[in-house]
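In what follows, a single structure is set out as structure tokens and then discussed.
Bear in mind these aren't lab numbers, they're just calculated from the coordinates by the rules spelled out. Since the model is a prediction, treat every value here as computed from it, not as a measurement. Note that we place each Cβ from the backbone using ideal geometry, even for glycine, and neighbour counts take in every protein chain shown.
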Amino acid sequence: MTQTTQEHTTQEDRFAAYLVDLAGKDRGALAALRRGLGREPGEVAEVHPYVVPWIPKGTRRDVEDTYYLVASLFASHPVHWHRTEEGGRHTFGASLERLARKSESAGVEPRLIALLNSPREDLPNRLRQAVGLLKSQEIPVDWGRLLKDLKHWDSDQRWVQRNWAADFWGGRIPEPSEDTDGGTE
């Protein structure tokens, strides 16, 4: 199968495109997906028809759970950050960085740190809260990238967490504090 665009070449991107399409056509589907928020993945039967077809056979349980989580989070804030916006793919850290700039809230950074330190089992609640903040300011999320990242959350190299941190703090040079002159003695 050949793609007509480069945008939807991965399973994660195709799932995100499906969710975006669903949001434009079927408000009832979004309502069903939102019922999955705060619940165990797969616990709400109304979610199955929208998620199960996308889960490849033989998928590990933690990856299955990730599809359910991302679908429910998307339904709560169906604003997608497309690749073409501001130079390409964006991690969840980039969305939070945009939120921090827009809201000028000091509370975003501690939330990101808590997310970066989170074991997989704490992610659903922390992500739900973070997505709620993004929704309040209409900050988009790259849902395909989030799905991919969450699939690899437990990587020994912690590359997902490093990428989120780079997208949040990258390019920022801290200002020297007023009690130091920045020089050496």
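Run through the range 22-73 and list the GluC sites (Glu not before Pro) located in a DSSP loop whose Cβ has at most 13 other Cβ atoms within 10 Å.
Hits after loop and neighbour filter: GLU43.
Please list, or write none, the lysines whose alpha carbon is within less than 24 Å of the alpha carbon of LYS151, excluding same-chain residues fewer than 8 places away.
Within the straight-line limit of under 24 Å, LYS151 reaches these lysines: LYS57, LYS135.
Rounded if a/c is under 1.5, else prolate if a/b is larger than b/c, else oblate: which is the range 11-169, with a ≥ b ≥ c the root eigenvalues of its Cα gyration tensor?
Since a/c reaches 1.5 and a/b is larger than b/c, the shape of the range 11-169 is classed as prolate.
Give me, ordered by chain and number, the residues 5 or more places off VAL141 or on other chains with an amide H under 5 Å from its own placed amide H.
VAL79, HIS80, TRP81
Between ARG61 and GLU109, how high is the FRET efficiency from 1/(1 + (r/R0)^6) when r is the Cβ-Cβ distance and R₀ = 41 Å? Nearest 0.05.
For R0 = 41 Å, the calculated efficiency reads 0.80.
In whole Å, what is the distance between the alpha-carbon centres of the range 114-129 and the range 34-108?
Here the answer is 12 Å between Cα centres.
On a full-extension model of 0.36 nm per residue, what is the gain between GLU40 and ASP21, subtracting their alpha-carbon distance, rounded to one decimal in nm?
4.3 nm
Which residues does the label zone of VAL79 cover in the range 129-159, counting backbone N under 14 Å from a point 7 Å along Cα→Cβ?
Under 14 Å, as judged by backbone N against the label point of VAL79, lie 130-143 of the range 129-159.
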